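Here is the structure we will look at.
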Amino acid sequence: MPITELALLHLTPGTTPESPTLRTNLSHAKTVLQNYTNRAFYYMQQISDPSCIYVVGEWDSLDQHLNDFIPSAENQALLESLKDYITVDSNLEHLDVPNAELPLPRGGREMERARRGEVVWSITHYTIKSGNREAFEVEFREMKEKLDRFAGEGGVGGGWCVGKKEGEDDVFVTMFSWRSVAEYERFGKGKEGRVSAVTGECVEKMDVRHVRLVDI
């Protein structure tokens, strides 16, 4: 099954996504990634910290990304072209879920709304208490049907981080699509949001970030 890459880029001080050279180089990087994988890739900007840019894409396998592409000449050239504008977070994440099961814009009206900034995604990392992985999966499946009705047009999707080192905690990452951050906050205060908090019985730590599509 394909896996999803979730990489975090940090813009260097003074650099913004509006920088013409950065946009040109990111556009080229996206083309290279999509040609290499024959799959769609997305850039998403964190709302609370605009210097954080996420790369969301899909690979045939962890091995294809880590052992075939990353050491390749194509990737090294991309990193060289971007080195003055970004740093890549060392915590490169891969999720055991294909892009088709995540609420990503597919095209048409959905993509146009995302490009206009009318769609917000919440990316949530759940660090699972030891021995609670299976219990969390059961609770998430039970909640998903309810959550899909409140998470905008795209619904909810998620997967486990794979390739973790021995001794590291299990981490589950979800993506929700919303019409705005305010809609997400209203959901959290409502009864449906309180129902979803049952995952707290299995969760050691939860971290939420909201992002918008970067139209590159």
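The values are calculated or read from the model by the stated rules, or taken from the named source; none is laboratory data. Every value quoted in this text rests on a predicted model; they were computed, and no experiment measured them. Reconstructed Cβ throughout: ideal geometry from the backbone, glycine too, with neighbour counts over all protein chains shown.
Would you confirm, using the coordinates I've provided, whether residue 37 is farther than 19 Å from residue 158 by Cβ and out of contact with any His (no Cβ under 9 Å at 6 or more places or on another chain)? Against the criterion (farther than 19 Å from residue 158 by Cβ and out of contact with any His (no Cβ under 9 Å at 6 or more places or on another chain)), residue 37 does not qualify.
Mind listing whichever residues of the range 79-95 are assigned to a helix (DSSP H, G or I) and either under 19 Å from the mean Cα position of the chain (by Cα) or hydrophobic (A, V, I, L, M, F, W, C) (or both)?
Of all residues in the range 79-95, those assigned to a helix (DSSP H, G or I) come to 79-82.
Once the filter is applied, which keeps residues that are assigned to a helix (DSSP H, G or I) and either under 19 Å from the mean Cα position of the chain (by Cα) or hydrophobic (A, V, I, L, M, F, W, C) (or both), the range 79-95 yields 79, 82.
Given the criterion over 24 Å from residue 179 (Cβ atoms) and buried (at least 16 other Cβ atoms within 10 Å of the Cβ), identify the matching residue among 29, 73. Break it down into steps so the answer makes sense when it comes.
Details: 73 fails: buried (at least 16 other Cβ atoms within 10 Å of the Cβ).
Matching residue, one of 29, 73: 29.
The residues of the range 1-51 that are of a type in the set (Lys, Arg) and either touching a Phe, Trp or Tyr at 6+ places or on another chain (Cβ under 6 Å) or assigned to a helix (DSSP H, G or I) (or both), listed by number, are 23, 30. Scan the range 34-61 residue by residue and report those that are out of contact with any Asp or Glu (no Cβ under 9 Å at 6 or more places or on another chain), modelled with pLDDT of 95 or more and of a type in the set (A, V, I, L, M). Selection gives 44, 53.
For (1) assigned to a loop (DSSP other than H, G, I, E, B); (2) free of Cβ contacts under 8 Å to residues at least 60 places away in the same chain; (3) closer than 26 Å to residue 212 by Cα, each residue gets a yes or a no:
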position	(1), (2), (3)
53	no, no, yes
57	no, yes, yes
63	no, yes, no
68	no, yes, no
74	no, yes, no
77	no, yes, no
97	yes, no, yes
103	yes, no, yes
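Residue by residue, here is whether (1) modelled with pLDDT of 90 or more; (2) surrounded by fewer than 16 Cβ atoms within 10 Å (Cβ to Cβ) holds:
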{"residue": "128", "(1), (2)": "yes, no"}
{"residue": "138", "(1), (2)": "no, yes"}
{"residue": "144", "(1), (2)": "no, no"}
{"residue": "151", "(1), (2)": "no, no"}
{"residue": "168", "(1), (2)": "no, yes"}
{"residue": "179", "(1), (2)": "no, yes"}
